[in-house]
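One structure is given below, encoded as structure tokens.
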Amino acid sequence: TMAHSKGLLVLENFIGGRFVPCSSYIDSYNPSTGDVYCKVPDSGKEEVEAAVKAAKAAFPIWSSKSPLERSQILNKLADLIEHDLEEFAQAESKDQGKTITFARTVDIPRAVYNFRFFASSILHHTAECTEMATAGCVHYTFRTPVGVAGLISPWNLPLYLLTWKIAPAIACGNTVIAKPSEMTSVTAWMMCRLLEKAGVPHGVVNVVFGMGSKAGEALVCHPDVPLISFTGSTLTAQRIMEKSAPHCKRLSLELGGKNPAIIFDDADLTQCIPTTLRSSFANQGEICLCTSRIFVQRGIYSEFLKRFVAEAKKWKVGNPSDPTVSVGALISKEHLEKVKNYVKKAQAEGASILCGEGVDSLALPTGNQKGYFMLPTVIANVKDESRCMQEEIFGPVTCVVPFDTEEEVIERANSVKYGLAATVWSSNVGRVHRVAQRLQSGLVWTNCWLVRDLNLPFGGMKASGIGREGAKDSYEFFTEVKTITIKH
């Protein structure tokens with residue numbers, strides 16, 4: 001049942017298969033109206049301790065199930081989420097500020113697919129085996145689940161990124177304690193309501209809501225949580241590394257990006273422009289894979305800019321539940337302020353704001369006047385060393401600059417501390433391969449963006465993270481490998 005206080009939704013922690021009330025709560029806002037609409041548990045050490053107990057108790061039974069048994073349960077959970085797809089999409093849009101269209105077509109279908117994908121992949125892993133005839137020995141590998149996994153997920157793609165961790169973790173036989181962002185906890189709580197029906201035993205999936213500084217910290221510092229998977233900021237990740245060092249924890253960190261798009265003069269602009277608009281402004285630019293530095297070869301620079309700005313102005317900003325809207329609200333008042341400050345900074349440095357923030361007027365529907373909205377913003381004449389070209393803005397802001405040679409653009413694209421994703425636009429196959437291989441980036445898309453095969457490694461270089469996730473990579477992260485030698 002949905003507990004309400006003064007018409008507000010009140011969430012509860014999910015520990016050991018039961019919803020448990022908390023002694024104090026955090027306000028969660030609806031970003032499109034600026035109103036508090038939900039109370040989120042303000043958990044800490046005590047709640048994490050209870051969750052660890054439950055997860056440890058459930059581990060022997062869950063880890064001894066066969067991959068097929070776990071697979072059937074994951075598939076059942078996927079079916080239940082899919083059955084409630086519309087309810088989940090509405091909740092995600094309201095809680096996060098993203099458009100209903102994006103939640104319906106990207107977030108929730110992908111959450112469902114995450115469970116289906118790992119339900120399938122877990123059935124197809126094989127061990128390695130070698131023989132040493134001279135020593136009369138055979139060696140083989142044996143994998144076992146690690147134990148209790150701590151999973152910390154962010155606010156931009158709430159259920160999508162949470163399930164990207166939960167699915168492989170439990171598929172491999174671990175039990176988990178998840179800590180979603182306190183700003184976007186509703187869909188995680190809704191998922192908890194389906195676990196029993198899917199056949200997930202009590203204690204296998206525990207969700208503790210709250211702040212990173214309290215609940216997250218307690219999870220990272222707990223000696224009985226040997227593994228942490230985190231998606232979020234590089235700053236928080238540094239703290240996680242420090243706090244988990246005394247326990248030698250296993251870490252997977254998926255962090256920020258300052259992703260370049262490199263557009264050569266032989267690019268097909270009819271495809272490049274609409275895709276680059278999406279890669280800049282989808283989900284309000286709040287995706288770690290979004291493009292925020294666009295390098296355009298000088299020969300087509302002015303034509304690209306003219307067409308790109310004209311199309312950016314057509315993106316409709318407004319009530320996220322309106323299906324014709326393409327840009328929803330940003331996550332919070334503070335975040336909106338931060339993003340706007342980057343635009344002010346660029347202006348102060350003499351850059352040109354070609355459309356969006358501070359240039360065009362934003363007309364919002366009556367109920368959304370206090371929401372955290374911002375127009376898609378395009379900045380030109382900005383220097384490579386500017387903070388707008390070096391730091392992750394994480395909003396609907398992109399910078400467009402010209403370049404001359406292939407050699408030069410590779411060097412400039414690589415000149416930031418991040419290395420998550422890049423896109424290359426060119427019809428020259430040789431050039432595409434050359435450039436892609438030299439970019440310091442975990443993912444390179446050419447002539448497309450955000451086309452993902454979950455079999456293949458996902459993750460970043462440099463300050464964009466540690467580790468990779470995907471069919472094989474997640475399996476390796478969420479299991480311990482042992483080499484066994486038998487003399488015969």
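Overview of results
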| item | result |
| --- | --- |
| Only listed residue being charged (D, E, K, R), open to solvent by less than 10 Å² (accessible area, probe 1.4 Å), out of contact with any strand residue (DSSP E or B) (no Cβ under 7 Å at 6 or more places or on another chain) and modelled with pLDDT of 95 or more, chosen from Glu92, Glu87 | Glu92 |
| Test set (1) surrounded by 15 or more Cβ atoms within 10 Å (Cβ to Cβ); (2) not in a helix (DSSP H, G or I) - Ser23 fails condition number | (1) |
| Residue check, Ser352 open to solvent by 10 Å² or more (accessible area, probe 1.4 Å), over 25 Å from Val409 (Cα atoms), touching a residue at least 12 places away in the same chain (Cβ under 8 Å) and in the same structural domain as Val401 (by the TED database) | no |
| Qualifying strands (runs of 3 or more DSSP E) (wholly inside the stretch 127-207; at least 3 residues being touching a strand residue (DSSP E or B) at 6+ places or on another chain (Cβ under 7 Å) and surrounded by fewer than 24 Cβ atoms within 10 Å (Cβ to Cβ)) | 129-132, 137-145 |
| Index of the failed condition, Phe115 passing every other in (1) assigned to a helix (DSSP H, G or I); (2) touching a residue at least 60 places away in the same chain (Cβ under 8 Å) | (2) |
| Residue count for the stretch 100-119, restricted to those that are open to solvent by less than 10 Å² (accessible area, probe 1.4 Å) and not aromatic (Phe, Trp, Tyr) | 8 |
| The listed residue being in contact with a helix residue (DSSP H, G or I) (Cβ under 6 Å, 6 or more places away or on another chain) and of a type outside the set (Ser, Thr, Tyr), out of Ala58, Ala50, Ala91 | Ala91 |
| Residue selected from the stretch 466-488 under the condition assigned to a strand (DSSP E or B) and not β-branched (Val, Ile, Thr), by the criterion farthest from Arg452 (Cα to Cα) | Lys487 |
| Selection from the stretch 136-178 of residues that are over 18 Å from Arg116 (Cα atoms) and without any contact (Cβ under 8 Å) to a residue 60 or more places away in the chain | Ala178 |
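One line per residue, one yes/no per condition, for (1) modelled with pLDDT under 95; (2) under 17 Å from the mean Cα position of the chain (by Cα); (3) open to solvent by less than 70 Å² (accessible area, probe 1.4 Å); (4) not small (Gly, Ala, Ser):
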{"residue": "Val400", "(1), (2), (3), (4)": "no, no, yes, yes"}
{"residue": "Asp404", "(1), (2), (3), (4)": "no, no, no, yes"}
{"residue": "Glu407", "(1), (2), (3), (4)": "no, no, no, yes"}
{"residue": "Ala413", "(1), (2), (3), (4)": "no, no, yes, no"}
{"residue": "Val424", "(1), (2), (3), (4)": "no, no, yes, yes"}
{"residue": "Trp449", "(1), (2), (3), (4)": "no, yes, yes, yes"}
{"residue": "Gly465", "(1), (2), (3), (4)": "no, yes, yes, no"}
{"residue": "Glu476", "(1), (2), (3), (4)": "no, no, no, yes"}
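The values are calculated or read from the model by the stated rules, or taken from the named source; none is laboratory data. Predicted model only: the values in this text are computed from it and were never measured. Quick reminder, even Gly has a Cβ in these numbers, built from the backbone with ideal geometry, and neighbours come from all protein chains shown. Just so you know, the surface numbers come from the protein's heavy atoms only, side chains and all, with ligands and any DNA or RNA stripped out. Shrake-Rupley method; radii C 1.70, N 1.55, O 1.52, S 1.80 Å.
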